[in-house]
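Participant: Structure incoming, see below.
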Amino acid sequence: MKAPDLDTLNRITDPQAARILLGGDGVLIVAARHPVEGPSVSELRVVPLTSVGPARSLTSGHNDTAPALSPDGTMVAFLRANAGSSDLCLVPVSGGEVTIHTTGLAALGTPVFSPDGTTIALPCLVDEEPTEPRAALVVDGEPAHKIDGLGWIGTARSRIRLIPVGGGDSTDILTDGNSTDPKWSPDGRMLAFVRTRATASARVPAQEIGLVDTDAVTRSLRFPWAARSLSGPLVWTPESTAVIAIGQMVPGIELPRLTRLDLDTSRITVLTDDLDLGVMGGGSGYPGGAPVFGEDARLYFCVRERGRSILVSIDLDAPRGAGGGVEVLHHPISETAVISGLDVVGAVAVMRVSDADRPGEIMALDVESGEVRELTHFWDEDIPDAAFIRPRSLRFSISDGFEVHGWLLRAESTEGPAPTLLDIHGGPHNAWTGVADIAHIYHQVLAAEGWNILTLNPRASDGYGSRFLKATRGAWGEADEKDFLEPLDALIEEGLVDSDRVAVTGYSYGGYMTCWLTSKHPERFTAAVPGGLICDLDMFAATSDMGPHLCEVEFGSQAFDHLSPIHHVDRVAMPTLILHGQDDQRCPVDQAELWYSRIRGNRVETRLVVYPQGSHVFILNGPVTHRLDYNQRVIDWVRTHTLSA
């Protein structure tokens, strides 16, 4: 693999499956495929599930995304980007002309058909107090005036919009705060959704599950359950008697649990309390998939385990305790395989699976026999002659009793102590996987040139249990710095790492940790590339779109400014390249400017690169030119300043 190969790769999004009638009772999969060369163009493809045959292109437009199948399986609703907004479009599964149903939407999610197929629920950004485009933005209420990826939104909020498929006026479900993730009950009588509501006096927004009756949307709004930290993806039980959500009873650093919310009693039952692993609903930069009921009445969902995500099912009628009712259905195809995208039809679970050999294919698992079939071969179609170097799984015993797991990417031809790039993941409650990673092509490029790439899951990483997840609360940097330094020492002692040629990079929390390590332990590193960084926690708390929330959860009432790397920046001595999205609202760009100006003021070689209109996740979904540039700059910087050390 080489950096320019990113220009020819394709990304496939979560699969959606449904039983359809197309000359029989065949089952098809609709998946969005995104060629990333040139302009943002994508297509929706139909892939046979029960028969052998080629995939069929259903649409091809500017960023066609978020496909949803109608209940009868004859129609696909999807979103198409159009001049800064989205159009809601419809196309027959059998193929044919795309119909633009609704234009000019600020859509924030995936269309959801009602059970009878007459209405689509869609989260949209709505401003009930619109102002002139260049009018002043006034912030005097709840701290929700900006969102990463959308920028400063003023008084606009996310609302669930109900759009008649056959035409007619739409209806918005009006609530305080932001509403997302609508789900119809199977009997069609109710709609559940997630409301996130902040107040000026509450640092942590409450996430609650709301309900409306579909025949009285404007007057039946209610929030029956007391939990304040539940979110989607939501799913109803087949009998329409309960909603399944993901989260905890109260905000905090806790494993995401599967919870059952009963309508009649307003009772909340935690279904995975005895499973010391977090439930993964999927999202940008995070694997997993939306929970879904199978025809066997079992609930299928994903959990994170040691940097991978695996498929699990649960029988809701089985007694709880000691893992009762929980069954691990699909261990990864290899130690590194990760599921990101899930649906179930009949006895078949359809998944998007990534492995060390390829960035993602659609696969089908027979949940009764355990047989796995690969349904797509996009990787072979896109770059048939390229291959990924496979990582080696490692475990390190840390001096205070913790164990840290990670991967060493090293070509078989590399001999002796090699230059090494330590790459630190974000979160901090995320995790590296061992899969083929097209967002970090620089890993493969450098490894092919004789480098070591070390990716570790330090304490606070997800997939290693509750105690591990909470281990950095109130102690960022101080608690986890040894999880990076001691593994490096072990690999130096083993003769794999050249101690005089070690570079460090990381994004988001990884950017924070890059700043921390290079300011607290400058003698250890020859070059640094922090991206999407945080260096001043007080400033972060005041200016990030989630600053008050994250700081309350991560530090509570404790003082935390002493954990800001900016207080130690005068010790940074190695050449430092700073990469940041200009419109990053999660870790605002002023963090990067501050780090740059202080290092430059000390006459240390440094460079700041800012990507126009880049959100916090532009390295995953931004323009391919920006993602290529990001990868190439990391390669060039560490080559120049580490190999010459």
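Participant: Is the shape of region 337-461 best called rounded, prolate or oblate, per the rule: a/c under 1.5 gives rounded, else a/b larger than b/c gives prolate, else oblate, with a ≥ b ≥ c the square roots of the Cα gyration tensor eigenvalues?
Facilitator: oblate
Participant: Using Cβ contacts closer than 10 Å as the measure, can you line up Asp215, Asp187 from fewest to most?
Facilitator: Going from sparsest to densest Cβ surroundings: Asp215, Asp187.
Participant: Output ³J(HN,Hα) for region 556-573: one whole-Hz value per residue in order, computed from phi by the Karplus curve 6.51 cos²θ - 1.76 cosθ + 1.60 with θ = phi - 60°, and x for Gly and Pro.
Facilitator: Values per residue, Gly and Pro as x: x, 8, 6, 5, 10, 4, 5, 8, 7, x, 4, 6, 10, 4, 5, 8, 5, 10 Hz.
Participant: Starting from the 7 Å offset along Cα-to-Cβ, what nm value, one decimal, do you get for the label separation of Thr171 and Gln582?
Facilitator: It works out to 4.3 nm between the two label points.
Participant: I'd like to compare 264-270, 611-617: which one has the highest average count of other Cβ atoms within 10 Å, and what's the full order after that?
Facilitator: 611-617, 264-270
Participant: Which aspartates and glutamates have a Cα less than 13 Å from the Cα of Lys482, not counting those fewer than 8 places away in the same chain?
Facilitator: Asp400, Glu403
Participant: Which FRET efficiency, nearest 0.05, do Val217 and Glu523 yield, Cβ-Cβ r, R0 56 Å?
Facilitator: 0.30
Participant: Also, I was wondering about something else. Helix 482-493 sits at what angle to the longest principal axis of the chain, using alpha carbons and giving 0 to 90 degrees rounded to 10?
Facilitator: Rounded to the nearest ten degrees, it is 60.
Participant: Mind checking the dipole of region 187-270: about its Cα centre, +1 per Lys or Arg Cβ, -1 per Asp or Glu Cβ, Debye to the nearest 20?
Facilitator: Charge dipole of region 187-270: 380 debye, to the nearest 20.
Participant: Taking 0.36 nm per residue of sequence separation and subtracting the Cα-Cα distance, how much length would be gained by fully extending the chain between Asp262 and Asp127, in nm to one decimal?
Facilitator: 45.3 nm
Participant: Residue farthest toward the positive end of the dipole of the chain, with Cβ of Lys/Arg at +1 and Asp/Glu at -1: which of His145, Gly188, Trp476?
Facilitator: Result: His145, furthest along the dipole toward the positive end.
Participant: May I ask for log10 I(q)/I(0) of region 493-645 at q = 0.08, 0.13, 0.16 Å⁻¹, from a Debye sum over the Cα atoms as equal point scatterers with solvent left out?
Facilitator: -0.22, -0.58, -0.86
Participant: I would also like to ask the following. With a ≥ b ≥ c the root eigenvalues of the C-alpha gyration tensor of region 392-642, is it rounded (a/c under 1.5), prolate (a/b larger than b/c) or oblate?
Facilitator: rounded
Participant: Give me the dipole magnitude in Debye, nearest 20, for the chain about the Cα centre, with unit charges on the beta carbon: positive for Lys and Arg, negative for Asp and Glu.
Facilitator: Around 740 debye, computed over the chain.
Participant: Still on this model: I want the local charge near Ser466. Using Cβ-Cβ distances under 13 Å, sum +1 for each Lys or Arg and -1 for each Asp or Glu among the other residues.
Facilitator: So the surrounding residues net to +1.
Participant: If you take the charge dipole of the chain about its Cα centre, with +1 on Lys and Arg Cβ and -1 on Asp and Glu Cβ, which of Pro233, Ala107, Ser42 is farthest toward its positive end?
Facilitator: Farthest towards the positive end: Ala107.
Participant: Another one. Based on DSSP H runs of at least 4 residues, each adding -39500 (n - 2.57), what is the mean residue ellipticity at 222 nm of the chain after dividing by all its residues, to the nearest 500 deg cm²/dmol?
Facilitator: Dividing the helical sum by the residues of the chain leaves -4000 deg cm²/dmol.
Participant: In addition: What relative contact order, as a whole-number percentage, does region 536-599 give when Cα pairs under 8 Å and 6 or more residues apart are counted?
Facilitator: Value for region 536-599: 42 percent.
Participant: Then there is this: Beta carbons within 10 angstrom, averaged per residue: use that to sort the peptides 252-260, 111-119, highest first.
Facilitator: Going from most to least packed, we get 252-260, 111-119.
Participant: A follow-up question, please. In what sequence do Tyr509, Tyr596, Tyr286 fall when counting other Cβ within 10 Å, fewest first?
Facilitator: Ascending Cβ contact count within 10 Å gives the list Tyr286, Tyr596, Tyr509.
Participant: How far, in degrees from 0 to 90, does helix 590-601 lean away from the longest principal axis of the Cα atoms of the chain, to the nearest 10?
Facilitator: Around 10 degrees separate the two axes.
Participant: Another question about this same structure. At each listed q (0.28 Å⁻¹), what is the log10 of I(q)/I(0) that the Debye formula gives for region 586-629 modelled as equal alpha-carbon point scatterers?
Facilitator: One equal scatterer on each Cα of region 586-629 leads to -0.97.
Participant: With a point put 7 Å past each Cα toward its Cβ, work out how far Ala387 is from Arg607 in nm, to one decimal.
Facilitator: Reported label-point gap for Ala387 and Arg607 is 3.3 nm.
Participant: Something else: Magnitude of the Cβ-charge dipole of region 392-642, K/R +1 and D/E -1, about the Cα centre, nearest 20 debye?
Facilitator: Approximately 200 debye in magnitude.
Participant: A further question on this structure: 5 Å is the cut-off here: which amide hydrogens, built 1.01 Å from N in the peptide plane, fall below it relative to Thr102, excluding neighbours closer than 5 in sequence?
Facilitator: Those qualifying (amide H under 5 Å, at least 5 residues apart or on another chain) are Leu88.
Participant: Something else now. Under 5 Å between amide H atoms, partner at least 5 residues away or on a different chain: which partners does Tyr611 have, H built in plane at 1.01 Å?
Facilitator: His580, Gly581, Gln582
Participant: What number, in percent, do you get for the relative contact order of region 392-642 if the mean sequence gap of Cα pairs under 8 Å and at least 6 apart is divided by its residue count?
Facilitator: This gives 18 percent for region 392-642.
Participant: By per-residue mean of other Cβ atoms within 10 Å, what is the highest-first order of 479-490, 94-105, 345-356?
Facilitator: Answer by packing, highest mean first, reads 345-356, 479-490, 94-105.
Participant: Over the Cα atoms of the chain, what is the Rg over Rh ratio if Rh follows Kirkwood?
Facilitator: 0.95
Participant: Same structure again: What relative contact order, as a whole-number percentage, does the chain give when Cα pairs under 8 Å and 6 or more residues apart are counted?
Facilitator: Computed value for the chain: 9 percent relative contact order.
Participant: Compute the distance in nm between two label points, each set 7 Å from the Cα along the Cα-to-Cβ direction, one at Asn82 and one at Ser94.
Facilitator: Rounded to a tenth, the inter-label distance reads 2.6 nm.
Participant: Fewest to most neighbouring Cβ within 10 Å: what's the order for Met363, Met280?
Facilitator: Ascending number of Cβ neighbours within 10 Å: Met363, Met280.
Participant: Test of understanding: what is the full-extension gain from Leu620 to Asp570, defined as 0.36 nm times their sequence separation minus their Cα-Cα distance?
Facilitator: Roughly 14.8 nm would be gained on extension.
Participant: Which of Val624, Leu577, Asn452 sits closest to the plus end of the dipole of region 392-642, meaning its Cα is farthest towards the positive end, when Lys and Arg get +1 and Asp and Glu get -1 on the C-beta?
Facilitator: With unit charges placed on the Cβ atoms, the residue in question is Val624.
Values quoted throughout were computed directly from the atomic coordinates according to the rules given, and no laboratory measurement underlies them. Fair warning: this is a prediction, and the values are worked out from it, not measured in the lab. Cβ coordinates were reconstructed from backbone atoms using ideal geometry, including for glycine residues, and neighbour counts include every protein chain displayed.
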